[in-house]
Amino acid sequence: MRAAVMREFRGDLSIEEIEIDEPRADEVLIRTVASGICHTDLTYWGGRHPHPLPMILGHEGCGIVEAVGKGVTNVAVGDAVVTCMTSFCGHCDHCVTGNLVLCESPERDRAPNAKPKITARGEKLHPYGRLGSFAEKMLVYKNSCVRIRSDVPLDKASVVGCGVLTGVGAVINTAKVQPGQSVAVLGCGGVGLSAINGAVIAGAGRIIAIDSQPQKLELARAFGATDTVDASMGNAAEQVTQMTHGGVDVAFEAVGTALTAQSAFAMIRRGGAMVLVGMLPPDENVSFPGKEFVYGKKVIGSMLGSNRFPHDIPQLIDFYVQGKLKLDELVSQRVRLEDVNEALQQVGKGGVARSVVVFD
Ligand SMILES: [Zn+2]
Ligand SMILES: [Zn+2]
């Protein structure tokens, strides 16, 4: 089978023939049908976050189960499944208290001295997020995937596994936005647009989208933003504070820089919350004016939308079927595996909300 292999950071991914093992106990072999290209793939390609090489990027995977190992009961051969990076064991302290995304259990991986799941001419390959969906097949831990209904197009379903789950989950699971609350979303890429969509689903009142690219603000309106602020036209926090007479209830930072995090914090009202959805580089710190915390303002971290994905992903797919979740609008481009390098470099540029790699 073929995969796009990254042998050096910032180098072209090479399309290579690779070998994948049979599923062992608690493992699932999936034939990949589609994989979204997420900003995090570009981030890891850039090398600022350490990761062993060679690696297979891609983590918004979707496909059909080809085989299952002993002890797998959540999915069966022939099922359509969506994968998720936040795999969980189901019985550690984080898991049993409902914080599946925080699971660190080593049982989600093969033992370090075991046969590698994926190799290229004998060399071990490292799939990103235990998934590596820029490949024709994935061999994943059983709790890295969930069965979905079979009547939805899988190229649309793939993006639910990270970008959509992250954006909608930040609104519904992390911030628990209530009907009528005002929200601001900084950054209108795939995650930001999904946060806007999530705010609509949650019944938010005013939904203010902030970006510096006019095309993205236009998209944001299509996703349900009631107002837009062009961040290139002056201080966004001041504009939002004026528009809302004191700030929003919740601001979602979906860019991943210290500057936008500070801007997001500066636009929340007293008692409001800033949810850090974007991923800051590991060497970047962010500071906030200390006196503001007296007013009950909160900074909340959110990992992949604080998801409980076996529950959330099928629900999001239902929202799509009901017309509440905009996936058709989000998936703006389909590419072949051969074109993954070009598509990866387009991530974050104007016009393309989400590219999806499709397989035969
Ligand atoms: Zn992602
Ligand atoms: Zn666990």
(request) Express in nm, to one decimal, how much length is gained between ALA258 and HIS311 on full extension, taking 0.36 nm for each residue of separation and deducting their alpha carbon distance. (result) 15.9 nm
(message) Set the bar at 23 Å for Cα to Cα. Now go through LYS117/LYS137; LYS156/LYS324; LYS117/LYS156; LYS176/LYS291 and name every pair that lies beyond it.
(response) LYS117/LYS156; LYS176/LYS291
(request) Would you pull out the residues with amide H under 5 Å of ALA353's amide H, same chain only if 5 or more places away, H placed 1.01 Å from N? (result) SER332
(message) Please list, ordered by chain and number, the residues whose modelled amide H lies under 5 Å from the amide H of VAL229; skip anything fewer than 5 residues away on the same chain.
(response) ALA209, ILE210, ASP211
(message) Using a 1.4 angstrom probe on the protein heavy atoms only, could you order ARG354, ARG48 from most to least accessible area?
(response) ARG48, ARG354
(request) Could I have the simple spin-label model distance between TYR295 and LYS124, label points 7 Å from Cα toward Cβ, reported in nm to one decimal? (result) 5.1
(message) So the label point goes 7 Å from the Cα of GLN346 along Cα→C-beta, right? Which residues of segment 191-227 then have their backbone N under 17 Å from it?
(response) 191, 215-216, 219
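Given R₀ = 35 Å, FRET efficiency for SER212-LEU53 by Cβ-Cβ distance, to 0.05?
E(calc), rounded to 0.05, equals 0.60.
Would you mind telling me the share, in percent, of accessible area of segment 167-304 contributed by carbon and sulfur at probe 1.4 angstrom? Let's see the in-between values first.
Numbers: 3110 of 5690 Å².
After summing per-atom areas, the C and S share lands at 55 percent.
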(request) Please work out the average accessible area per residue across the chain, using the 1.4 Å probe convention, and give it in Å². (result) 41
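To the nearest 20 debye, what is the magnitude of the charge dipole of the chain about its Cα centre, counting +1 on the Cβ of each Lys and Arg and -1 on the Cβ of each Asp and Glu?
Taking the Cα centre of the chain as origin, the dipole is about 680 debye.
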(request) Using only the Cα atoms of segment 167-304, build the gyration tensor, take square roots of its eigenvalues as a ≥ b ≥ c, and label the shape rounded, prolate or oblate: rounded if a/c is under 1.5, else prolate if a/b is larger than b/c, else oblate. (result) rounded
(message) Looking at the chain as a GNM with Cα springs under 10 Å, which of CYS103, CYS92, CYS162 has the largest mean-square fluctuation?
(response) CYS92
(message) Taking a ≥ b ≥ c as the square roots of the Cα gyration tensor eigenvalues, with a/c under 1.5 meaning rounded and otherwise prolate when a/b beats b/c, else oblate, which class fits segment 224-302?
(response) oblate
(request) Could you work out which residue, out of THR228, THR32, THR43, moves most in a Gaussian network model of the chain, that is, has the largest mean-square fluctuation with Cα springs under 10 Å? (result) THR43
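Between ASN235 and ARG10, what length in nm is gained on full extension when 0.36 nm per residue of separation is reduced by their alpha carbon distance?
Result for the pair: 77.7 nm of gain on full extension.
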(request) Could you please put PHE9, PHE88, PHE293 in sequence from largest to smallest accessible area, using a 1.4 Å probe? (result) PHE293, PHE9, PHE88
(request) Work out the charge dipole of segment 130-175 with +1 on the Cβ of Lys and Arg and -1 on the Cβ of Asp and Glu about the Cα centre, then indicate which of ALA135, GLY163, PRO153 is farthest towards its positive end. (result) ALA135
(request) Place a +1 charge on the Cβ of each Lys and Arg in segment 129-186 and a -1 charge on the Cβ of each Asp and Glu, then give the dipole magnitude about the Cα centre in debye, rounded to the nearest 20. (result) 220
(request) Kindly state, as a whole number, the per residue volume in cubic angstrom of the convex hull around the alpha carbon atoms of the chain. (result) 130
(request) Calculate the dipole size of segment 167-304 relative to its Cα centre from +1 charges on Lys and Arg beta carbons and -1 charges on Asp and Glu beta carbons; express the result in debye to the nearest 20. (result) 440
(request) Heavy atoms only, probe 1.4 angstrom, no DNA, RNA or ligands counted: give me GLU16, GLU136, GLU342 ranked by accessible area, highest first. (result) GLU342, GLU136, GLU16
(request) Identify which of ASN235, ASN197, ASN307 has the largest mean-square fluctuation in a Gaussian network model of the chain, with springs joining Cα atoms closer than 10 Å. (result) ASN235
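The values are calculated or read from the model by the stated rules, or taken from the named source; none is laboratory data. Just so it is clear, the structure is predicted and the values come from calculations on it, not from any experiment. Note that each Cβ is placed from the backbone with ideal geometry, even for glycine, and that neighbours are counted across all protein chains shown. Remember, those area values only see protein heavy atoms, side chains included, never the ligands or the DNA or RNA. Shrake-Rupley method; radii C 1.70, N 1.55, O 1.52, S 1.80 Å.
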